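Okay, structure first, notes after.
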Amino acid sequence: MVNRWDSSHLKRIDRLAAIPSGAKVLEVGCGQGHLTRALGERGMDVIGIDANPQAEAIANTPLVRCMRAEALDFDDKSFDFVVSVHAIEHIPELDGALSEIARVLRPGGKAIFIYPAEPIMGMYAIPTSVILHGTPFKAREVHCQKLWPSKLKGMVEPLGLREVSKEFSLLKSPQFASVFEKVG
């Protein structure tokens, strides 16, 4: 229930990569499926996944599946785009998740990541930590990764993804966006 719809993310994705109608899209860490539903309403063949065991029950769209990003149940080269908005910082085994994302992305496909620009890991997760755990002191369990563009680039380049663009924004909170294209 912490996941709220923010239409600015959809506008940012539109600016970062023109996803055409009919494209196969995977949203990683979709929460209740707000963005998944919005992309589906635009005619994209989209599925959202979330590690929450209640993902399908709480989703506001039937396009959501409970699935861990580290073990994607999709064939190789299944998607034209992978989108992840404020989710990768929550994945403890991020190397495994990024490897899976690269595996299911088609050559020429793009991965779009939007993630917090935290000066201190977990700093922006304090309110969520209070909501989920009743204490601010578990914020680093909520945001278990501290990421920035060069770090993420170094993690995905060995997986066959090359950086297309990166940016910093002060939108509603400081955040980065990185876009990668699958080579080969």
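The values are calculated or read from the model by the stated rules, or taken from the named source; none is laboratory data. All figures in this text were calculated on a predicted structure; none of them were measured in a lab. In case anyone asks, the SASA skips ligands and DNA or RNA and just uses the protein heavy atoms, side chains included. Shrake-Rupley method; radii C 1.70, N 1.55, O 1.52, S 1.80 Å.
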Debye intensity ratio in log₁₀ form over the Cα atoms of segment 49-99, taken at each q of 0.19 Å⁻¹: -0.71
From the C-alpha gyration tensor of segment 17-110, square roots of 5λ in Å: 18, 18, 10
Alpha-carbon gyration tensor eigenvalues x 5, square-rooted, for the chain, Å: 23, 19, 16
Equivalent ellipsoid, segment 1-70 (semi-axes from 5 times Cα gyration tensor eigenvalues, Å): 20, 13, 11
Over 20 Å (Cα to Cα) - which of 11/151; 11/110; 146/172; 110/172; 110/146; 110/151 fall in this group: 11/151; 110/172; 110/146
Compactness of segment 71-156, expressed as Rg and Dmax over alpha-carbon positions, Å: 14.4, 44
DSSP bridge pairs, segment 66-184: antiparallel proportion in percent, nearest 5: 70
Rounded percent of accessible protein surface that carbon and sulfur make up, the chain, 1.4 Å probe: 54
